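To keep things clear, I will list the structure first and then write my remarks on it.
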Amino acid sequence: MLTEKMEAALNAQIVMEAYASNLYLSMGAWCEQKGLEGCAKFMYRQSEEERSHMLKIFNYINETDGHALVPGIKEPLHKWESVRTMFESVYEHEKNVTKSINDLVRISYAENDHATLNFLQYYVEEQREEEALMRSILDKITLIGDGPQSLYFIDMEVEKINNLIPEEENE
Ligand code: FEO
């Protein structure tokens with residue numbers, strides 16, 4: 001059974017994951033419009049993954065006798081200055097999610113809620129992986145450059161990453 005504080009904090013995390021899902025969906029559309037097919041595919045998959053993160057918390061709250069709340073979602077941006085600024089904002093968002101997951105872990109300790117502490121380990125690992133992935137993409141963009149002539153090569157590199165990520169990572 002969740003304490004009120006734990007339940008409210010998990011519901012707040014649902015808002016964050018749902019926003020990330022919409023933000024990445026919007027980024028996917030922008031990439032597609034720019035002809036960056038590899039980046040679009042990457043962002044659409046990230047969007048699905050964020051939805052799965054949201055649903056996992058949603059189901060967990062309900063399974064532990066809480067009440068998962070479906071959030072209203074703030075409208076995301078629809079355009080970015082460049083592919084670099086888009087990935088920079090993904091990285092910033094992921095760092096904020098990591099902070100928020102760490103806060104959840106802290107609350108679960110304070111509430112002596114070992115089930116939730118255990119449940120959150122998936123998110124701790126997931127955030128480590130996502131931050132590393134976004135950093136590696138930004139490093140590639142730094143190497144390649146992000147002028148108009150470089151976009152094709154950036155897109156190819158992101159497509160290579162798409163091919164390395166197994167489909168089941170969306171689940
Ligand atoms: Fe579910 Fe990437 O935070």
Treat every Asp and Glu Cβ in the chain as -1 and every Lys and Arg Cβ as +1, leave all other atoms uncharged, and give the resulting dipole magnitude about the Cα centre to the nearest 20 debye.
460 debye
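Show me the helices of the chain, taken as full DSSP H stretches, that run 27 Å or more along their long axis by Cα and average -0.5 or above in Kyte-Doolittle hydropathy.
Values: long enough: 4-33 (44 Å, 0.06); 37-63 (39 Å, -0.97); 83-110 (41 Å, -0.40); 114-144 (45 Å, -0.24).
Span-like helices in the chain: 4-33, 83-110, 114-144.
With +1 on the Cβ of every Lys and Arg and -1 on the Cβ of every Asp and Glu, and nothing else charged, how large is the dipole of region 1-90 about its Cα centre, in debye rounded to the nearest 20?
Dipole about the Cα centre, nearest 20: 300 debye.
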Spin-label model distance (nm) - residue 29 vs residue 156, 7 Å beyond Cα toward Cβ
3.1 nm
So what does residue 139 come to for accessible area, using a 1.4 Å probe and Å² rounded to 10?
100 Å²
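Estimate the FRET efficiency between residue 110 and residue 37 by the formula 1/(1 + (r/R0)^6), using the beta-carbon distance for r and 41 Å for R0, to the nearest 0.05.
Values: r = 46 Å, r/R0 = 1.13.
It comes to 0.35.
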Please name whichever of 141, 98, 156 sits farthest to the positive end of the charge dipole of the chain, dipole taken about the Cα centre and charges placed at Cβ: Lys and Arg +1, Asp and Glu -1.
141
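Using 0.36 nm times the number of residues separating residue 117 and residue 82, minus their current alpha carbon distance, what extension gain do you get?
Values: separation 35, 0.36 × 35 = 12.60 nm, distance 3.86 nm.
Contour length minus Cα-Cα distance gives 8.7 nm.
Quick one: of 34/56; 74/140; 41/140; 79/140, which pairs are farther than 25 Å apart, Cα to Cα? Mind dumping the intermediate values first?
Working: 34/56 33 Å; 74/140 31 Å; 41/140 18 Å; 79/140 22 Å.
Table pairs above 25 Å Cα-Cα are 34/56; 74/140.
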Tell me, what is the per residue accessible area of region 4-164 in Å², probe radius 1.4 Å?
52 Å²
log₁₀ of I(q)/I(0) at q = 0.08 Å⁻¹ - region 4-164, Debye sum with one point per alpha carbon
-0.26
Computed helical MRE - 222 nm, the chain, DSSP H runs ≥ 4 contributing -39500 (n - 2.57), nearest 500
-27000 deg cm²/dmol
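The values are calculated or read from the model by the stated rules, or taken from the named source; none is laboratory data. Nothing here was measured: the structure is a model prediction, and the numbers come from that model. Cβ atoms come from the backbone with ideal geometry, glycine included; neighbour counts cover every protein chain shown. Ligands, DNA and RNA are stripped out before the accessible areas are found, and what is left, the full protein with its side chains, is counted by its heavy atoms. Shrake-Rupley method; radii C 1.70, N 1.55, O 1.52, S 1.80 Å.
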